[in-house]
Amino acid sequence: MRPAYEDLFHLIEPLLPQVEKPSRYIDHEWGVLAKREARFRVCLMYPDTYEVGLPNQGIAILYRVLNAQEGISCERGYLPWTDMADKMRAAGVPLLSLEGAAPVRAFDVLGMHVPHEMAATNYLEAFDLAGIPQLSADRGEDDPIVIAGGPSVYNPEPLAPFIDAFLIGEGEEHIVEVCRELERSRDARLPRRERLALLARIPGTYVPALYDVAFDAETAPHGFAVPKEGSAAPGIVYKRVAADFAATDPLAQSVVPYAELVHDRLSIEVLRGCARGCRFCQAGITYRPVRERSADQVVAAVARGLERTGYDEVSLTSLSTTDHSQCERMLDRLNERLADTGISVSIPSQRLDSFDVEMAEAVAGGKKGGLTFAVEAGSQRLRDVINKNVTEEDLDRAMRAAFEAGWRRAKLYFMMGLPTETDDDIRGIARLADHVIDLAQEVVPKSQRGSVSVSVSVSVFVPKAHTPFQWEGQLDRDEVKRRQQLLIHSVRHRNVRVHYHDADVSLLEAVLSRGGRDIAPLIQEAWARGARFDAWTEHFDLGTWRAAAEACGIDLDQVACAPYRIGQRLPWEHTSPGVSQGYLEREYRRACDAQTTPDCTRASCTGCGICPTLGVENKIMEVRR
Amino acid sequence: MNEENLFRLRVEYVKQGRLRYLGHLELIHTVERIVRRAQLPYAVTQGFSPHMKIAFSSALPVGTASDCEWYDVFLTAYVPAPRALEALAAASPADLAPRRAGYVDRRAAALTAALTRARYRAVLALEEGAPSDEGRARDALVALCAADGIPYLRGKKTKTMSLARTLVSAELVARDALTWELALDTRSSAEGALRPEVLIRAWEKALAAANGGAAPRDAVAAVLAEPLAVAPYGIFAHCEIARISQNIEDKRGILVEPLPLGA
């Protein structure tokens, strides 16, 4: 039986004095929009703790959109931290929504955000705490319909058996259509199976139960998904796009938290999409086309948002904010407006090739903390392979200007294990870092040289679906470890610190990014063996996953590292951001020849196929520099 | 900005309901956001990292309620106090509602230094199975309050909370068979303040031993002999603590209101 929708806060209140950060669970924040009375109830859940999930822009947008709908109430949910989850289990308290403190299982829809691959076990933990069967096939008429959406749904197969319907792409309009359809089919008392089949008719909706996994000679063990006979589900589900992005409300946020968050500030999404065309980058494909808001719209939204929330920082967010054709003007106008208020403006990061000291001084209230640049590769050849169109001269110019203007710390991001990478490319990373220190010795007054530091952060490349590198395997772990040692021993200067990401985490990320529906039992087995919060280094344990893989007969290294052949059927080909296979193949070949491809917001169309396939186009305010 | 042109608005507010679980830093940030939402002309510190000129009374332990918390915020323009109060109320969640606002001397001592006297009330619900004897409890309390201090664990560190310096009086009233009320009058200084939950847990631990047959005085001595873990000891089912007053103590020992009437 479906539990009643009722406030059960009294069940968790006695647990609050016994757990870390009770403010995670108390709700009653400023700006809550959920309604007490509603005909249709949605709980949108972020699969991690409150303080990680609250700043999420996607949920903020959908929360606002759904609560603006007549008769629909949307609440939020987060995963209780392990201390609270254990106490709730011991006390027999089910997973509750935040605003109404009502059982999650009492909702019509449970919407799971899919932020990245490493949240996989957390969905299962949430279902288990909520008393909802983990497998879609086991759910009954009294269970909520479990939908999922977010940036990481472009290879949904590893999660496919756990989710009733994936919403692929931008959800602003899509989620309303899905909820209205579910309300209608619920009121018509249709059985669950039929209700899901009806959802598959809404563009952008992938209902895994309507697809079989097929295999041919070379696709084992992952296979590829094809619609079941007679199911009427589409062969390819294309992502949804909010075509008129500038017409959407730029002020998505409403809730002001009490708990201190990682990103505790007002965020205004100033532009969506990035067409720089870095070949490793999934977001660079999946968020196209590029659409800017006008400076006027952004400035007005900042003023309105600060007044409504009381934040002391505003961040102008996007994949690449400094690419906005009116970025400088926006920053100038905001700084003028916010003078003497103690409120600062920030932007996520700057590109090396467009770094501008004045722009950097215009953010973060003029504070000169560390500067962060994504260089990605250690040689020009390899940067051309990945189409990261920055040069050593760009680095030189940017760092010289930054040191002259008073910055002392720089953080440089690189990847290891990129296609065609050699030891020279690794030594190139060390050479660049040393070079930046040499530059500082030239530019920085002698008395201040001690404070100069360069930190090099190196992650392991994870090949992602729908990118030109989707066919590549991941570099194997032993070789990763050898190259990490090579890098450390190649650095000369003491002031260069090298950090590298845990190769274990990257290995699992690759498994979850590249596998098919065959990976789902592995996720379930790992959860059953205690894996949860795998995105937290203190919780992640590859040993648990290795044991689970052995029990499932899966070879993690094989899944992560085995390349796909061009032309082979791929596990993710039935969900698409609209990019053409021909474009990805062409880009892959150009990569192998170290040939770069320009940015279509600055040059002519590069033929990725997204605009014609989805019927959309780039919308830029002014000519980009 | 000229310091002399600033106005020092003193605000009293409550911390209650679910919001008593906010930590002190969470509370500070929330109040700063309330002031900004209220659109008051708050002053900003000069220098490298400008921030709101605001100061709070001493931190409440997480979980303790209060109807007498205070902050001073400096304004660059005079706003009539009733209007400021109204704007703050409209920008506050109900469980942090402001109660009073008024102006005080710009040069007055900081709240943390000035408010040295605080009274607490703890409502203690006894476990239904084994209600404790009130007489024994009173004896244990008297013995405990005579101690110089209570050693206790905070995380893995052992600390000692002075009673000689911080406790003015402790009074036990039994409301009914299962509900006791403990009233604490305390005095803080730069060296520290009384933490009601530590005193109550030490007392509870001694009571548990006394219920087992030990004389209250011996039970207290045993509790004081080793660092206390501030955890339930099975005597009280619930313990609700509230700060019920904060005052300035003048040179003659007379308690003065933080915001004189008519300020």
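A compact table of results
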{"item": "Sequence-distant residues sharing a close amide H with B:Tyr103 (under 5 Å, placed H)", "result": "B:Arg10"}
{"item": "Label point distance in nm, B:Val256-A:Arg497, each placed 7 Å from Cα along Cα→Cβ", "result": "4.9"}
{"item": "Phi to ³J(HN,Hα) by Karplus 6.51 cos²θ - 1.76 cosθ + 1.60 over region B:11-25, Hz, x for Gly, Pro", "result": "10, 9, 9, 9, 9, 8, x, 5, 6, 5, 8, 6, x, 4, 5"}
{"item": "Rounded to the nearest 20 debye, dipole of the protein assembly as shown from Cβ charges on Lys, Arg, Asp, Glu", "result": "1580"}
{"item": "Distance in nm between pseudo-label sites at A:Gln558 and A:Ala232 (7 Å out along the Cβ direction from Cα)", "result": "4.1"}
{"item": "Descending principal axes extents, the protein assembly as shown, alpha-carbon based, whole Å", "result": "87, 69, 55"}
{"item": "For region B:8-39 and region B:55-131, distance of Cα centres in Å", "result": "8"}
{"item": "Residue-by-residue Karplus 3J(HN,Hα) for region A:617-622, coefficients 6.51, -1.76, 1.60, Hz, glycine and proline x", "result": "7, 5, 10, 10, 5, 9"}
{"item": "Residues whose placed amide H lies under 5 Å from that of A:Val375, excluding near-sequence neighbours", "result": "A:Tyr413"}
{"item": "Rounded D (µm²/s) - region A:368-501, Kirkwood Rh over Cα pairs, Stokes-Einstein at 37 °C, 0.692 mPa s", "result": "214"}
{"item": "Once the Cα gyration tensor of region B:48-179 is diagonalised, semi-axes √(5λ) in Å", "result": "38, 20, 15"}
{"item": "DSSP bridge pairs, the protein assembly as shown: antiparallel proportion in percent, nearest 5", "result": "55"}
{"item": "Computed [θ] at 222 nm, deg cm²/dmol, the protein assembly as shown (DSSP H ≥ 4; -39,500 (n - 2.57); rounded to nearest 500)", "result": "-9000 deg cm²/dmol"}
{"item": "Unpartnered cysteines - no second Cys beta carbon under 4.7 Å - across chain A", "result": "A:Cys43, A:Cys74, A:Cys179, A:Cys274, A:Cys327, A:Cys552, A:Cys561, A:Cys592, A:Cys600, A:Cys605, A:Cys608, A:Cys611"}
{"item": "Per-residue average of Cβ from other chains inside 10 Å of B:22-31", "result": "4"}
{"item": "Sequence of B:Asp95, A:Asp164, A:Asp502 from largest to smallest accessible area, 1.4 Å probe", "result": "A:Asp502, B:Asp95, A:Asp164"}
{"item": "Accessible surface, 1.4 Å probe, highest first, among residues A:Cys605, A:Cys281", "result": "A:Cys605, A:Cys281"}
{"item": "Whole-number accessible area per residue in Å² for region A:9-234, which is evaluated in the context of all protein chains at 1.4 Å", "result": "34"}
{"item": "Dimensions (Å) - chain B, Cα atoms, principal axes, largest first", "result": "66, 37, 34"}
{"item": "Sorted largest first, extent of region A:9-234 alpha carbons per principal axis (Å)", "result": "57, 40, 30"}
{"item": "Residue-by-residue Karplus 3J(HN,Hα) for region B:169-180, coefficients 6.51, -1.76, 1.60, Hz, glycine and proline x", "result": "7, 9, 9, 10, 10, 8, 7, 7, 4, 10, 10, 10"}
{"item": "Partner chain coverage, peptide A:10-21 - average Cβ within 10 angstrom", "result": "2"}
{"item": "Test item: B:59-65 mean partner chain Cβ contacts at 10 Å", "result": "1"}
{"item": "B:Asp218 paired with A:Trp536, simple spin-label distance in nm, labels 7 Å along Cα-to-beta-carbon", "result": "4.6"}
{"item": "Using a Förster distance of 45 Å, the FRET efficiency for A:Ile488-B:Lys156 (Cβ separation, nearest 0.05)", "result": "0.85"}
{"item": "For chain B, built as a Gaussian network whose Cα springs stay under 10 Å, the top-fluctuating residue of B:Ala118, B:Ala229, B:Ala140", "result": "B:Ala229"}
{"item": "Sequence-distant residues sharing a close amide H with A:Val498 (under 5 Å, placed H)", "result": "A:Val456"}
{"item": "Added length on full extension, which subtracts the Cα-Cα distance from 0.36 nm per residue, B:Ser189 to B:Asp148", "result": "13.2 nm"}
{"item": "Cβ-Cβ FRET estimate between B:Ala55 and A:Thr391, R0 fixed at 60 Å, reported to 0.05", "result": "0.70"}
{"item": "Probe 1.4 Å, all protein chains present, accessible-area order of A:His10, B:His29, A:His499, A:His324, largest first", "result": "A:His10, A:His499, B:His29, A:His324"}
{"item": "Efficiency of FRET from Cβ geometry, A:Thr613 and A:Glu260, R₀ 51 Å, rounded to 0.05", "result": "0.75"}
{"item": "Gyration tensor verdict on region B:117-248 (Cα atoms; rounded if a/c is under 1.5, prolate if a/b is larger than b/c, oblate otherwise)", "result": "oblate"}
{"item": "Exposed-loop-free span, longest in chain B, where trypsin sites (Lys or Arg not before Pro) count as exposed if DSSP calls them loop and at most 11 other C-beta atoms lie within 10 Å", "result": "B:1-106"}
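The values are calculated or read from the model by the stated rules, or taken from the named source; none is laboratory data. Worth saying up front: this structure is predicted, and the values here are computed from it rather than measured. When we count neighbours, we look across all protein chains shown, and the Cβ atoms used for this are built from the backbone with ideal geometry, even at glycine. Side chains are part of the model used for accessible areas, which takes the heavy atoms of the whole protein and leaves out ligands, DNA and RNA. Shrake-Rupley method; radii C 1.70, N 1.55, O 1.52, S 1.80 Å.
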